[in-house]
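Peer 1: Mind having a look at this structure? Questions to follow.
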Amino acid sequence: MTLADFSALALLLSMLIYVLLDGTDLGVGMLFPWFREESQRRRMVNSILPIWDANETWLVLLAGGMFALFPPVYSLLFNTLCGPVFAMVLALFLRGLALEYRAQAQEGFRHWLDRLMCASSALAAFLQGWCAGVVFSAEPQRGLEIGFSLTPLLCGLGLMVIYLLLGCCWIRWRIGADVEERASTLAWLCWVLSLVLFLSVLLLNRDIWMTAWQRWPGKIAVALIFLFWLAQLLALWRGRATWQLALTLGLISAVFVGVACGFYPWLIPWQQDLHRSAAPAATQSFVLIGAAIVMPLTLLYHSWAFWVFRGRMR
């Protein structure tokens with residue numbers, strides 16, 4: 001493996017951890033319309049309030065790392081997707097605003113903050129998936145194109161649904177009986193929808209998965225994806241919220257690995273090769289040494305926060 005490969009892996013890891021952690025928080029925010037009792041909403045907010053802000057660290061590491069390690073990729077993506085990316089960051093800001101001020105707000109204003117949290121969480125989730133879909137649908141002649149073609153729309157909806165599934169698993173684990181019945185029903189619905197949307201995107205982008213299948217990590221990832229789908233079905237049937245949460249996180253990780261194997265060596269298909277677009281070796285070495293220090297420390301902080309605030313919300 002070259003230095004550029006390690007740089008790409010560092011960015012992939014930052015993106016994956018962000019999706020796993022903040023995806024759960026965004027899913028909880030999108031679930032608010034289905035849980036109208038104040039006691040339910042208060043505990044849903046309290047379950048993510050101590051940890052949501054640290055999750056954004058991985059998004060900052062991803063953007064900063066891309067700027068330092070692959071400047072042409074950063075330039076192309078942010079020039080093409082500046083509008084959607086700005087809207088996503090604004091939505092994340094509004095979600096944080098609603099989370100932090102909800103407890104201090106009067107009852108009438110609290111309802112508006114709840115609506116704001118749901119809408120901003122949904123917008124952020126959709127735009128993240130939509131931007132990924134734009135990259136998936138890049139073509140040799142046209143490159144990246146902004147538009148509402150089928151693949152970006154399905155990716156946006158698919159990411160919303162998988163975040164909702166994470167949110168259902170999270171509140172079943174952290175809150176318990178008060179939300180169990182409705183969250184379980186929603187989890188079944190999200191599982192079916194996420195499977196349909198995933199298969200639709202897979203059929204529209206067969207070349208990515210055919211390329212992944214030609215590499216042994218891709219074969220393992222594809223096999224794990226379908227094993228995780230089946231295991232999720234079993235966990236849903238038996239009502240195991242913690243198992244389903246772990247399996248959903250594993251499923252997302254396997255999809256990331258499969259897509260990475262299908263893209264390699266492209267960072268943006270047909271546009272930016274990771275070896276040609278990489279920064280000078282001295283820059284990569286400097287950034288990777290910093291990442292080797294910062295990323296484990298951030299993971300330790302996350303682990304400590306989860307340990308301190310473990311247990312059911314009351």
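Peer 1: Would you please name the trypsin sites (Lys or Arg not before Pro) within region 1-49 that are DSSP coil residues with at most 13 other C-beta atoms within 10 Å of their C-beta?
Peer 2: For trypsin sites (Lys or Arg not before Pro) across region 1-49 that sit outside H, G, I, E and B with at most 13 neighbouring Cβ atoms in 10 Å, the list reads 36.
Peer 1: Of the trypsin sites (Lys or Arg not before Pro) in region 90-148, which ones lie in a loop per DSSP and count no more than 16 other C-beta atoms within 10 Å?
Peer 2: 142
Peer 1: With a ≥ b ≥ c taken as the square roots of the eigenvalues of the C-alpha gyration tensor of region 189-298, please select rounded if a/c is under 1.5 and otherwise prolate if a/b is larger than b/c or oblate if it is not?
Peer 2: Verdict is oblate for region 189-298.
Peer 1: Around residue 149, what is the net charge, scoring Lys/Arg as +1 and Asp/Glu as -1 over all other residues with Cβ under 13 Å from its Cβ?
Peer 2: Residues close to residue 149 contribute a combined charge of -1.
Peer 1: Of the candidates 250, 258, 29, which one comes out as most mobile in a Gaussian network treatment of the chain with C-alpha springs shorter than 10 Å?
Peer 2: 250
Peer 1: For residue 205, enumerate residues with amide H under 5 Å from its amide H, sequence gap 5+ or separate chain, H modeled in the peptide plane.
Peer 2: Answer set, sorted by chain and number: none.
Peer 1: Continuing with the same structure: For the chain, report the accessible area per residue in Å² (1.4 Å probe, heavy atoms, rounded to an integer).
Peer 2: I get 49 Å² per residue for this part.
Peer 1: Let me ask another. Take the alpha carbon gyration tensor of region 64-220, find the square roots of its eigenvalues, order them as a ≥ b ≥ c, and report rounded if a/c is under 1.5; if not, report prolate when a/b exceeds b/c, else oblate.
Peer 2: oblate
Peer 1: Could you check how much of the accessible area of region 1-85 is carbon and sulfur, as a whole percent, using a 1.4 Å probe?
Peer 2: Summing carbon and sulfur atoms, their accessible area is 71 percent of the total for region 1-85.
Peer 1: Still on this model: List the residue ranges in the chain for DSSP H helices whose C-alpha atoms run 20 angstrom or more along the long axis and whose Kyte-Doolittle average is -1.0 or above.
Peer 2: 3-30, 52-69, 82-101, 107-136, 150-174, 177-204, 216-238, 241-263, 281-308
Peer 1: Where the centre of each part is set by its Cα atoms, how far does region 28-70 sit from region 246-314, in angstrom?
Peer 2: 17 Å
Peer 1: Same structure again: Do the sum for the chain: with -39,500 (n - 2.57) for every DSSP H run of n ≥ 4, divided by all residues, what is the mean residue ellipticity at 222 nm, to the nearest 500 deg cm²/dmol?
Peer 2: The per-residue figure over the chain is -28000 deg cm²/dmol.
Peer 1: First check a/c for region 203-244, with a ≥ b ≥ c the square roots of the eigenvalues of its C-alpha gyration tensor; if it is under 1.5, answer rounded, and if not, answer prolate when a/b is larger than b/c or oblate otherwise.
Peer 2: Verdict is prolate for region 203-244.
Peer 1: Name the GluC sites (Glu not before Pro) in region 10-74 that are in a loop by DSSP and that have at most 12 other C-beta atoms within 10 Å, would you?
Peer 2: 37
Peer 1: Please check: in the Gaussian network model of the chain (C-alpha springs, under 10 Å), which one of 94, 203, 113 has the largest mean-square fluctuation.
Peer 2: The residue with the greatest mean-square fluctuation here is 203.
The values are calculated or read from the model by the stated rules, or taken from the named source; none is laboratory data. What you see is a predicted model, and the numbers here were worked out from it, not measured in a lab. Because the Cβ atoms are built from the backbone with ideal geometry, glycine has one as well, and the counts that use them run over all protein chains shown. Note: accessible area is taken over every heavy atom of the protein model, side chains too, but ligands, DNA and RNA are not part of it. Shrake-Rupley method; radii C 1.70, N 1.55, O 1.52, S 1.80 Å.
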